[in-house]
Structure formats: C-alpha cells, structure tokens
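Below is one structure, written out as structure tokens; comments come after it.
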Amino acid sequence: MPASSPLPSPMALNIAAPNPSMFKKRSSQTLAPLASAASYLSALSQADARARHSHGRTPTATPALSLSSSITSSSEDTVLNEGDPSSHAHGFDNFDGLALPVRPPTSEQVFTTLHTEFGHCANEAYRLTSQHTQGEAVPAHVEQDPPYYILLSTYISYLILICVGHVRDFVGKRLSPGSYTHLVPRNGYAPLNSDFDSFYTRRLKTRMDECFSQPVTGVAGRTIMLLDRISPDYNHTQILTGTRTRALNISSYNYLGFAQARGGCADAVEEVIRRYGVSTCGARLEGGSSDLHTVTEALVANFVGMEDAMISSMGFATNSALIPALVGKGCLVISDELNHASIRFGTRLSGANVRMFKHNDMGSLEALLREVISQGQPKTHRPWKKILVIVEGLYSMEGTLANIPVILELKKKYKFYLFVDEAHSIGALGPHGRGVADYFNIPPRSIDILMGTFTKSFGAAGGYIAGTKSLIDRVRLRGHLGPYAEAMTPPVLTQVLASMASIMGVSPPLPPLDGGEGVVTTSGTYVHPGPAPASSLPNWLTLPYALASGTEGRTRLRRLAFNSRYLHNGLIKLGFITYGHPSSPIVPLLLFNPGKMNMFHRMMKDRKTPIIVVVVAYPATPLVTSRVRFCVSAAHTKEDVDVVLRACDEVGDVLDLKHGIGRGERWTVEKIVERAAEVAGM
Amino acid sequence: MNSTSETLEPLFNFLDTSLLTLEDTFNKLPGSAVILRYVRSSHRNDPGRTVLELILLLFAIWTLLQSRTRADRTEKHFIQFTDKEIDELVDEWTPEPLGQPLSAKEQADLASVPIIAGPNGPKPKLVSTGKTVTNLASLNFTGLAGNEHIKQRAIETLKKYGLGSCGPPGFYGTLDVHMDLERDIADFLGAESAILYSQGFSTISSVVPAFCKRGDIIVADRGVSFAIHKGIQISRSTVRWYDHNDLKSLEDVLEGVEKERRKRRGPLTRRFIITEGIFEKDGVMVDLPKLIELKYKHKFRLILDESFSFGTVGRTGRGLTELYNVPAEKVDMLVGSVAIGLCSSGGFCAGSQTVVDHQRINGPSFVFSASMPPLLSVSASEGINILRSTPSILTTLQENIRAARAILDRVDCITIPSHPASPIIHIYVRSAPTTSLHPSAAAHSPTKPSNPASVLPRDAANWDWDVETEERVLQDVVEEALAQGVMITKAKRLRGQEAVEPRPSIRLALTSALTKKETEKAVGVVKTALVKVLGRRR
Ligand SMILES: Cc1ncc(COP(=O)(O)O)c(C=O)c1O
C-alpha cells in the first residue's frame, strides 16, 4: 500500500462475501462519523446477517487491476495459487497490498523469496542487531495500569457477562433442556463437563470463538490464506464458506521467516523426502534412530554452544517427558509463575516439589531461595538433593526476557541448577540468533540446561534439550521419550538442519559481504564460535550460496530485530500500553475489556489489507489484562509493520485503547512511519 | 458479544453520573463477580445455604490472600532463622550433581542402540557395520515407510505448505489438511469425529487428564503402558486397578466401585475404564466385545488405547473394532497412533463430537503445542487411502505373524505372552519349571483377589525373574541375531520409573514389507540365536 494512498477505512468490511456495495449504503446512512464502537458493532451484526443469507452465492470479484509485469507473478506463483478460487477471481491484482511489494524492485535487486511468504525488503536502514547493551540493567516487568474507568468497565463487563450467562442458563435449562443434556447426569453417566466447570467456556469463550481456531491453508509466512467461515448460530457451529482471504500474518511463531514453501530449506526437505521418505518407524532406542538424528543433534549442540543435545519430535513433550529425567523426589523445582504448561506438566510428573516465584522478579526469587534452602524439605527439614530453577528465555504471553545476568549471579551464591526454556527466544534473539545467552553475551555453558523448540524460529517441529554430554546421555536413556516416543521424522530433521546451518553459515566461510559486521564477534569474555563446519551437514545437502554463506541468515536476524523494535516502540509512541522487552518479537498490546478483543480482532481482519491477530484473555492471562499479541517476523517488510501500526492507530482510536504515554509525547502515525529507523533505535 | 456491548452502552452512561457513589463498592467488585455467581447457583439449590456459602467463600478468599503474602511461614514446621543463619545454611548446602554420569552398563546400553544409515524400512543399512540387515525392530507394520506415492504427495504438500505450521491449533495452526486427516480418521473408523495430536506418545497422556479430574474414578488395567500411567498420574483421579487383561477381575473391581459409591452415598462422578487394545508391554489383546458389555452394564466410559492395534489388525487395519466387528461409536475415546499405524507422526483420539470438542479446549498437549507439519498429515491421509484400497497389506502382515509364531511357539526356552494376531511379539526367557505360570497367563488360582487400590498384582511377590540377568541374556540374543543379519531389539524400559516393572523381553515388530519367506528366514535366525544363547545359559 503506497504511503500516500488514502487509508482504507475500517468499515471496508471484507467478510465472507466481499460485496462492497453491501456496506456502502449502510455506512453512508448511519455510520458516516464512525465514532463509536457500538455503531460499528451493529453494522457488523447486520453485515453478518447478510453474509449468512448470501452464503452460497458466488463472491463478487473486485475489478482486477493488472500488475502482471511484476516478478512475483511468475509462473511459480501461478502454480502456488492453483486451486485457489479467490486468486483466480482477483487475477493478480494487489487490491489488499499483500501480493506485491510497494516498491517494484530495481534491476540489481534479486529476490529469491516469494513476497507473500517472505517479504521483499532491500533497504539496509531497516536492520538492527539484537543485542543487550552491556552494563545496562534488564528492565523489570512493569505492569502499566490503565485509567481507572477502564478497569472499572472491565470488571463490569465480566460481571455482566457472568450474570447474563447465568440468566441464560437459568432460562435455557427450563425452556430448552435439550441443549443442556450434556451437562447433567444422564442414564447413570456423570456429565463429561460439569455445568460449573464449563461455564466460562460456554458463556464467555463461545462469544469470542470467532477469534480462535481459524482454519487456514498454505504457508504460515508473511501472509496467510484464511478459509472464510461464518457461524449461523452464535459460534456453536462454524461453517466454511468456501471462499478464502489472504491476510497479513502477524500471529504465527515464524520469527525468522523460515515458514516457506520455496527456497533452499524447502529444496533440502524435498531432497530428503526422496532419499529417506517421511517416517522413522519407532522410538529412538528401539530402532528409530538414524544417521540424520546424530548429525542434527551435533549441529544443534554446536548451535546452542553446548556439549551435546537430544532432539524430540514434539516441543511440549521435550519438557513434559524429559524434566522427570532431571529431577525427582527430594528435589525442588523453582518455577516462574508464568511458565508454560509443558513445564508444569513435566515437573508434576517428576515427583519433585514445586515452588513458584513472581514473574521475572529477582527479589522474589532470592527470597524464595533463601527460604527453601534454609528450611530444607517440608516436615523433615532434610536438605534438598538439588534445586532446579526453570525459567523461559522469552515469555510467550508477556514478551518479557528472563533476567539471566541476575539469575546467574544468584546461581553462584545459591548453587542451584538453571534450566532455560528457549522455545521462543532461540533464533529470535541475540546477534547470532542463539537465544537469550547470546543476547546478553553470556557463555551458554554457564547455564546448565538449554531447552528449545523448532516450531518457532526454524519453521519445523519438535524440540531439543542441550547440556553436558553425560547429562544428555542420561536424558536419552532415562527420559520418557527415548524408549516410547516416535523419533523425529526426516523432513523435519532436514528443515532444522538447513535453517540452522543457514543462520550459522557453513564454513569454509565465504568473505563477509558487508564488511561491517563479522560473523565472529569478540566481546567481553565469550568468543562466539564461527560457522558450522561443512562436515557437520550430510554430504547430499547443499545449500544455495545465500544460505551457506550465512548472509541470508544474518539478514533475517537483523530484519527481525528491526521489525520487533519498530513495532514495539511505534505502538508505545502511538500511545498504547504494551508489555515486554522492546527487543522481543512478541509484542503484547493491552486491551483490558473483554468485549474489545472481539472487536479488535474483527476490525483488523476486516480492513482492506486484512490483518490477523491473536487475542488472549483469561485464563491465559490475568482476568483484567486481556491483550492482543503480535508475533513479528523477519518475513515482514517495514511497510508491513507500517500497515499494522496504521491499523492499530485507527482501531485504537475507535476502541479507546491509547492509555500509555501522555498525549503530548505521542507521535502521529505518519511521523512514526517516516522516522521508522529512529523509532526502532529508541 | 454484540448483545453485551449494546447492553453496556446505556449502562456506561448511567455509570458516569453515579461514579462517585460506586467508588466505594468498586474495591470489592473483583470478588463480587465470583460471589454473585456463587450466590445465584447455590440459592437455586437451597436458599438456606446461601448465607453459609457466602461466609465460607469469604473465608476462602481471606485464607488465600493470607497465604499469598506470608507464604507458608505460618506452618507449624516453619523455623525462624536470622539472615546470618540463612547465609550459613546456604554456604553449607551442597547439592547433588544434576545428573549422575551413566554407569558402565548404561553406557553399554546406549552404545548398543542401532543407528540406521539412510532410510528406515524392511532392510536398512546400519551405521555401525555398514551392512544391510533385516529389520524386525522398527515399527513399520503396514510397510508404508518409503512408499513412493506417499513421498510424492508429501513433496506436493511441501511445495504448497512449507514444512512447519508455526502455531498451535487455536492460533492459526489449524490447516485444512489437519481437518482433512481428522475427517479421514473418523470416517475410516466409523466414529463421529476425531482430533489430531502432534505426537503419538503424548496423545494418551493428554487425553486422560482432559477428561479425568480429581475425584473422578479410573479403573485401569495393571499392564497399561507407561504413557497411560503418566496420564493417570497427572489426572489426580482415584484409580482402581484390575488384573492384567482379566475381565473377570475388571468386573469385580467395577462392582466394588459401585458398592463403594452406594455405601458412601457420594455424588455421581465420572467413571472411566482405561485399557489398551494390544498392550504395548506384552502384546496381549483385549476382548473388546466383553469389555464393551461390561462398560455398558456398569455405566463406565471407555478410553481405549489402540496405538498398537490401529493399522495392524482387522481386515483393512481399522483396529480392534474392525477385528471384532464392534462399531467404533461404542468406544467413548478411541486413541491411536498415526506414527505407528500410518508411519507418519502424531496421534489421534476419535469419539463423539462432544468428546472431541472437549479436548480442543482441555487437552494440554493439543492446546499448548504446535500442530503437526502439514506434509506429515497428508502422508497419513494417504496412508489411510492405501490401507482402504489394499487389504492385501493386512493379509500379508497377518500371514507373516502366523509364520513367525509357528516358528517361535516351538522354541521351548521362551514364553510368548502376546496374542497370536499381535504384530508385536514379546519374548520372555522361560522361568525355571519350579514356578508354575507367569502372571500374564491370566489363569492364576482363584484365591484372594489383588487389592484394587494397589497397582501391584497380588502375585508380584512371587515373581522369580531377575531383571538384570534376563536383560543381559536377552541383549546377548539381540547381538547374536544382529551378527546374523537380523535387527531386533529388547523392549526398552525406564527401570525404576515404571509403576509395575515389566518383565524383560525381546520385542519383535513384524511388517508386511517383508515377504513370508523373508520373515520366516529372519525369525529363524532369531530362533537360532535364542536357542544358542539360552542353551548356553542352562
Ligand atoms: C515456552 C514453551 N515451551 C514449549 C512449547 C511447546 O512447543 P511445541 O509447540 O513445539 O510443542 C511452547 C509452545 O508454545 C512454549 O511456548
């Protein structure tokens, strides 16, 4: 979307049947000023009703504006869009600004990626290095409070929702007992779901089901193809309409943009499917291990800077089934209160005692450590066998970074072991993409166990756990996965290999392309290891020059760092309340009122350039701090972030979301967009 | 949400004017939502109790707030220390090492794990020797591994979807191919609906806690797999155990549970039977029709883990329901493994729409984990198509099993607990003839029944096998067979972590990818190795 073009109004609804005339009349009548959220809502419900009725009619195509001379509409693209009715209808028009870059490439710019998967962005000004400023304190997790009336209305919203829910239950149970049969004992069976337990799901979550489990197709890259759906019965059932909408994807955990169906990684995966097929047939210890596992584990260990690593076929299970191999009865696990469900699952299975400390609060951690060490085990007061502190590198709902420097100081004093779950931080943080340790320039081996997943930055699946050789060997043998869980499949292994190698670069190293930034940085005491030796990859796996040299990997890291800071600081400058560290690719924007979640989601999706977002509420967050969570990707261009900022600016005004910095300090969105590099550097 | 916000608007106007008066009550508001809900629901049942409940609730909130601010300092075991004392205690404390280095035996165990060079399949090449071996270890029952058609479909999917899904199902990780596979599985089995998990092992340990909560009752087989044990452990439900694959014992336990409930006049809680189709531990097969009959009679729900029977028994591999001709709808939660049955990755749970929808919100490893890579999902769908259209796969598999059993059943230094149709064949070292029968041979003398509250069976005390010696002997067999070009494996266990220590065994996994001749030859090698090593022992 050109920067000067008139902004699409949020009323440019693009629901199931994108029939523009359907809304024009409406907006000219009652919604001209479009000031209040309520009026927007009623327009929506009417539009919904119409969409429901017109369901089945063929969508009217917007007149095609042909830009077929551009490079992305190559024959490859045609292949990609095959079987995609909406793209046929629209030809290759760029009506939503997603299919084609804003600026056509110059003759010397060669982009090998598909713009819809991995955006074309050649401007070197829009790059940053993800690095902690040495000596600076890590910002604590501050929960900025909204104005009083927002809190009040949030509580009242929940109150009303709960009351209405109970009234509806009360009346419903009398008038249509048929729809409650699954909640009451029947034929001698207790209900699967008790009335009380399911109240939240039935009466609150159902109202927002539109925001969840949206089916999609294709690559979860820079853009994503939504399968449009409507609900004729207030979200009890969802019906796919058969139409599709391409939307800007700022929701997938695709930090480095490796979710691609084209490119060096995909080619490598194709090669491995031809050679290995798709299955490993069994558990690692029972005939499911292959040479690819050995190679990948060695590369992962090298990447994270540990002696050895073990990989598993699921990230969740890496925690839930391997933590029991590390601790057991008589041990204590100290866990951050916001740790992921998989960590809680694993510690519960391990039989160890668990204590929690306040999220990322080092004072709380130290107080707890002093208490538990001095008190020993409950009742017996015997000293703990060992204490394992488990934190996440980057928290997925808050965007906070674990305060690793301080934790390591505490570790020296209190002699606990440290487990860092780098599910979100590996690849996404640090000048070399090696996670939080890299970000803080800390030797990785000062942490005992590094765990992470491949689902996020590497565009693959599964997870790893890394540590000393003897420890990992123990986990191989004593973790639950070795004897019982299926091994990771060859295509996934290869995606991990290829994407990881392209971040590291493969030696013999090629000369650095842009002189300025070396691959090996020497700073402080920790010398970062160089690129991966070519011998660490299987000999059939050849990466194209851009990947093997590490240049593309470096660009991805720097684009991600820029995009993260740009969006985060941009939102703050617009006046929003955000959480988390500015360098984090996870940017939560606070909404507070439950009703605004639906609205925000819908208004972003119904724009001329549809944007899909993730909204999260209780129980994933505290009751009042409902939020929308953006996951920035290296695949986004600066213009994509502009689009998001503009959208947030408009929607934020309608929904009254700007409660952050004072009006005087705020910038207009145009100013932010113009001075993007400055904003990101703040 | 529309209706709510519309109601909200006039309300806000009203509130603006009366903000001052509301200010006092505001502080109490966060709690009042909860209170109001409580009052309403309890008032409906018993108006007199409302006041009592209200007081109870306030008390609960009060204690909650207390414990948060003061941790458990109020506990009677808490000892008050000065800062200096704490510093000393901290200095004195020396933790154990995080992981003990492996013992020599464990190291040998790890070193003996076969690693395959290149693709796995019926005849893979080993890294250690560089030789091609016949594979009776890896799980490739239907021989779909390496299928060219599946490879082709996987590559097509790769070109359209890339590899990873980059998100949990709730947040743009639900792809059309996942929904297709769910539908394919449900259709294949004849169930109403199905849900897909991204790892077979984590499926059942997530399904169990999704339904079974504290206070619910689980009646489970003593021989269930490790994954089920973990699921039961995390569910915190009350568990009653019945003797391994002994449906008479099951009936006794079910009656006991009912009696207990009537005695206590407790409320009706959810009750589940959890068992496996073909047991991972020993290959025993459950009598499904009888099990279903019992479940209906006693009004229990059935969670059936078909990880090793889906894709391996029945005319087209639909599992036990096809084998026994029982409609899949009669199994409330039918869990299976896509990784094992369809040579892809992941697991599923099939059942009614309610059962499936419930898991989409409550299944921990469904909600909190990324969905499986689309190309694996398509490979699995393709696998189902192949099974549907090629019943000869299952015929070959069953023929191979029969051929293998014909050879092994005649070896007298071993016992085989597995069902004759089971694609996994467990081999125990035969005990010295003094002790009569193995516990899994369900025909133990009908004396005192085992205690349902304990996972250990009554005769556990008489088990005469020594884990270590048997494991060593069996490992010798494995190595002997490998030297002769047949790859087999011991069943690997987590000794010390298992609820009931399974008896050491060799686990053969048959495959339809080998011909009957090849199978006979390979099993012949195993037999020779068994006779040679076990004979030496005598
Ligand atoms: C901190 C953390 N650990 C583990 C996981 C699980 O990873 P996966 O999705 O690969 O199963 C997640 C995923 O959301 C996570 O956020």
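The values are calculated or read from the model by the stated rules, or taken from the named source; none is laboratory data. If you're wondering where the values come from, they're calculated on a predicted model, not measured in any experiment. No Cβ is skipped: glycine too gets one built from the backbone with ideal geometry, and neighbour counts run over all protein chains shown. These accessible areas exclude ligands, DNA and RNA; they are computed on the full protein's heavy atoms, side chains included. Shrake-Rupley method; radii C 1.70, N 1.55, O 1.52, S 1.80 Å.
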Q | Residue that is farthest from the ligand (Cβ to nearest atom), among those in region A:459-485 that are facing another protein chain (nearest Cβ under 8 Å) and closer than 30 Å to B:TYR172 by Cβ | A | A:HIS480
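Which helices (runs of 4 or more DSSP H) sit wholly inside region B:300-415 and have at least 2 residues that are more than 14 Å from chain A (Cβ to nearest Cβ), of a type in the set (Val, Ile, Thr) and surrounded by fewer than 24 Cβ atoms within 10 Å (Cβ to Cβ)? Reasoning before the result, please.
Working: elements: B:320-323, B:338-341, B:353-362, B:364-367, B:374-389, B:392-408.
The helices (runs of 4 or more DSSP H) meeting that bar are B:392-408.
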Q. Is there a residue in region A:295-314 that is of a type in the set (S, T, N, Q), within 16 Å of the ligand (Cβ to nearest atom) and either open to solvent by 10 Å² or more (accessible area, probe 1.4 Å) or assigned to a helix (DSSP H, G or I) (or both)?
A. yes
Q.
What's the total number of residues in region A:299-318 that are of a type in the set (Phe, Trp, Tyr) and facing chain B (nearest Cβ under 8 Å)?
A. 1
Q) Restricting attention to region A:429-453, which residues are farther than 21 Å from A:SER320 by Cβ, assigned to a loop (DSSP other than H, G, I, E, B) and open to solvent by 10 Å² or more (accessible area, probe 1.4 Å)? A) A:PRO431, A:HIS432, A:ARG434, A:ASN441, A:ILE442, A:PRO443
Q.
Looking only at residues that are more than 32 Å from the chain's Cα centre (by Cα) and surrounded by fewer than 17 Cβ atoms within 10 Å (Cβ to Cβ) in region A:364-376, which one is farthest from the other protein chains (Cβ to nearest Cβ)?
A. A:ALA367
Q: Test each condition in (1) in a loop (DSSP other than H, G, I, E, B); (2) away from chain A (no Cβ under 11 Å) for B:LEU144 and report the one that comes out false.
A: (2)
Q. When you go through A:ALA676, A:ALA634, A:ALA620, A:ALA680 one by one, which is the residue that is touching a residue at least 40 places away in the same chain (Cβ under 8 Å) and surrounded by fewer than 21 Cβ atoms within 10 Å (Cβ to Cβ)?
A. A:ALA620
(Q) Name the residue that is nearest to the ligand (Cβ to nearest atom), counting only residues in region B:182-234 that are more than 16 Å from the chain's Cα centre (by Cα) and among the charged types (D, E, K, R). (A) B:GLU182
Q) Hey, A:LYS456 hits all of (1) more than 12 Å from every other protein chain (Cβ to nearest Cβ); (2) open to solvent by 10 Å² or more (accessible area, probe 1.4 Å); (3) within 16 Å of the ligand (Cβ to nearest atom) but one; which does it fall short on? A) (1)
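Taking the residues in region A:333-363 that are outside any helix (DSSP H, G or I) and among the aliphatic types (A, V, I, L, M) as candidates, determine which candidate is most open to solvent (accessible area, probe 1.4 Å).
Filtering first and then ranking leaves A:MET356.
Tell me, yes or no, whether region B:498-513 has at least one residue that is of a type in the set (Asp, Glu) and either part of a helix (DSSP H, G or I) or buried (at least 22 other Cβ atoms within 10 Å of the Cβ) (or both).
Here is the first cut: in region B:498-513, the residues of a type in the set (Asp, Glu) are B:498, B:501.
Then drop every residue that is not either part of a helix (DSSP H, G or I) or buried (at least 22 other Cβ atoms within 10 Å of the Cβ) (or both), which leaves none.
Looking for residues that are of a type in the set (Asp, Glu) and either part of a helix (DSSP H, G or I) or buried (at least 22 other Cβ atoms within 10 Å of the Cβ) (or both), one finds none in region B:498-513, hence no.
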(Q) Can you tell me how many residues within region A:624-639 are in contact with a helix residue (DSSP H, G or I) (Cβ under 7 Å, 6 or more places away or on another chain), more than 23 Å from A:THR223 (Cβ to Cβ) and assigned to a loop (DSSP other than H, G, I, E, B)? (A) 1
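Identify all residues within region A:406-428 that are assigned to a loop (DSSP other than H, G, I, E, B) and within 16 Å of the ligand (Cβ to nearest atom); write none if there are none. Full working, then the answer.
First pass over region A:406-428, keeping only residues assigned to a loop (DSSP other than H, G, I, E, B): A:415-416, A:422-428.
Of everything in region A:406-428, those that are assigned to a loop (DSSP other than H, G, I, E, B) and within 16 Å of the ligand (Cβ to nearest atom) turn out to be A:GLU422, A:ALA423, A:HIS424, A:SER425, A:ILE426, A:GLY427, A:ALA428.
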**Q.** Check on A:ALA498, among the hydrophobic types (A, V, I, L, M, F, W, C) and either at the interface with another protein chain (Cβ under 9 Å from one of its Cβ atoms) or within 12 Å of the ligand (Cβ to nearest atom) (or both)
**A.** no
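Scanning region A:653-673 for residues that are under 27 Å from A:ASN123 (Cβ atoms) and among the charged types (D, E, K, R), which turns out least open to solvent (accessible area, probe 1.4 Å)? Can you show your working first?
Kept after step one, since they are under 27 Å from A:ASN123 (Cβ atoms), are these residues of region A:653-673: A:666-673.
Subsequent filtering for residues that are among the charged types (D, E, K, R) retains A:666, A:670-671.
Details: A:ARG666: 52, A:GLU670: 78, A:LYS671: 73 Å².
Only one residue fits best here, namely A:ARG666.
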Q. So which residues in region B:125-141 are more than 7 Å from every other protein chain (Cβ to nearest Cβ) and over 25 Å from B:GLY283 (Cα atoms)?
A. B:LYS125, B:LEU126, B:SER128, B:THR129, B:GLY130, B:LYS131, B:THR132
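Name every residue in region A:323-332 that is open to solvent by less than 10 Å² (accessible area, probe 1.4 Å) and within 16 Å of the ligand (Cβ to nearest atom), in order of residue number. So that I can check it myself, show each step before the final result.
As a first pass, look at region A:323-332 and keep what is open to solvent by less than 10 Å² (accessible area, probe 1.4 Å): A:323, A:326-327, A:331-332.
Within region A:323-332, A:ILE323, A:LEU326 qualify.
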Q. For region A:238-247, does any single residue satisfy the condition of being open to solvent by 10 Å² or more (accessible area, probe 1.4 Å), facing chain B (nearest Cβ under 7 Å) and in a loop (DSSP other than H, G, I, E, B)?
A. no
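Give the residues of region A:364-388 that are assigned to a helix (DSSP H, G or I) and closer than 14 Å to A:SER335 by Cα, sorted by residue number. If you could, list the steps in order and put the result at the bottom.
Applying the first criterion (assigned to a helix (DSSP H, G or I)) to region A:364-388 yields A:364-375.
The answer is A:SER364, A:LEU365, A:GLU366, A:ALA367, A:LEU368, A:LEU369, A:VAL372.
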Q. Restricting the search to region B:81-136, which residues are touching an Asp or Glu at 6+ places or on another chain (Cβ under 6 Å) and small (Gly, Ala, Ser)?
A. B:ALA117
Q. Under 9 Å by Cβ, and 6 or more places apart or on different chains, what pairs join a residue from region A:337-349 that is in contact (Cβ under 8 Å) with a residue 12 or more places away in the chain and at the interface with another protein chain (Cβ under 7 Å from one of its Cβ atoms) with one that is more than 10 Å from the ligand (Cβ to nearest atom) and open to solvent by 70 Å² or more (accessible area, probe 1.4 Å)?
A. A:LEU349/B:GLN233
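For region B:94-124, name all the residues that are of a type in the set (Asp, Glu) and either within 19 Å of A:ALA283 (Cβ to Cβ) or more than 10 Å from chain A (Cβ to nearest Cβ) (or both).
Within region B:94-124, the subset of a type in the set (Asp, Glu) is B:96, B:106, B:109.
Selection gives B:GLU106, B:ASP109.
Filter region A:162-203 down to residues that are under 17 Å from B:PHE272 (Cβ atoms) and either facing another protein chain (nearest Cβ under 9 Å) or surrounded by 13 or more Cβ atoms within 10 Å (Cβ to Cβ) (or both), then give me how many there are. Reasoning before the result, please.
Taking region A:162-203 and keeping what is under 17 Å from B:PHE272 (Cβ atoms), we get A:182, A:185-194, A:197.
From what's left, either facing another protein chain (nearest Cβ under 9 Å) or surrounded by 13 or more Cβ atoms within 10 Å (Cβ to Cβ) (or both): A:182, A:185, A:187-194, A:197.
Of the residues in that region, 11 qualify.
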Q. Which one of these does B:THR132 not meet: (1) within 16 Å of the ligand (Cβ to nearest atom); (2) more than 16 Å from A:VAL278 (Cβ to Cβ)?
A. (1)
Q) Counting only residues that are among the charged types (D, E, K, R) and in contact (Cβ under 8 Å) with a residue 24 or more places away in the chain, which one in region B:306-338 is nearest to B:CYS212 (Cα to Cα)? A) B:ASP332
Q) Within the bounds of region A:344-361, is there any residue that is farther than 30 Å from A:VAL492 by Cα, of a type outside the set (D, E, K, R), touching a Lys or Arg at 6+ places or on another chain (Cβ under 9 Å) and within 16 Å of the ligand (Cβ to nearest atom)? A) no
